[in-house]
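The structure appears below as structure tokens.
Derivation of every value follows stated rules applied to the coordinates shown; laboratory data play no part. Model, not experiment: these values are computed from the prediction. As a convention, Cβ positions derive from the backbone with ideal geometry for all residues, glycine included, and neighbour counts pool all protein chains shown.
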Amino acid sequence: MSRKPPAIVAELGRPETAQETADRKAASSARYRGSKTLVNLVAAMLACAGIVIVMVLVVMRPGPAAPEPIDVSAAASDASASLDVPVADPDVPETWAANAAELRSGAAGIEQWYVGWITGDEAFASLTQGIDADGTWLAATTREAIPTGSLDVDGVEWTVADQRDMDDPGNLAWVAWTQAGGSTYVVAGTAADDELQTLVEAVTAELPAS
């Protein structure tokens, strides 16, 4: 069987030489690699652009709005009007921030006025005023705290239960209570003695005259 003669290249008018064939294939490979490089470059640029867009969206996304500060005085005024009984609005240091100021239903259905603060030392302090509260309410509110002492503030005697040595006293690490004008007042918290005494003194200044 005779060998098929090499094909004639139209541009040359004759068959390619071995060198010309090699050069043509090399040029074709170079063009292919060039086109792939361009495609890869475009893909990489698009990927980078996508990453930048995502990062911008994440950075520019607004965070959660800071909670509005609680106006304890306004809440106390509303609570007093609702109960037809004055509730305590103690004058605490400006570095304290209230995290609650509201009427609640306490033990045995007793209406109670509650205010909680984060103190200047990032500890916790609270006031709970039970309206016409009885012993059952007091026991539940203080979790049957056992008195360990007393505190006299301007002639008003507060019973104190220091429970810091308990395994888990929670927010009742220190508790003090007194009665005045038909209400029972409970001051409690995890703050240091000076901050808790500051609150006791501020509440005492709010007590109705006997």
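Data for the structure
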item	result
Potential extension, I118-A74 segment - 0.36 nm per residue separation minus Cα distance	14.0 nm
FRET E, pair T95, D132, Förster distance 41 Å, beta-carbon r, rounded to 0.05	0.75
Where labels lie 7 Å past Cα in the beta-carbon direction, separation of D194 and A81 in nm	3.9 nm
Most to least packed among 194-201, 130-137, 162-169, 78-85 [average Cβ atoms within 10 Å]	194-201, 130-137, 78-85, 162-169
FRET efficiency for R164 and A140, using Cβ-Cβ distance with R0 set to 30 Å, rounded to 0.05	0.90
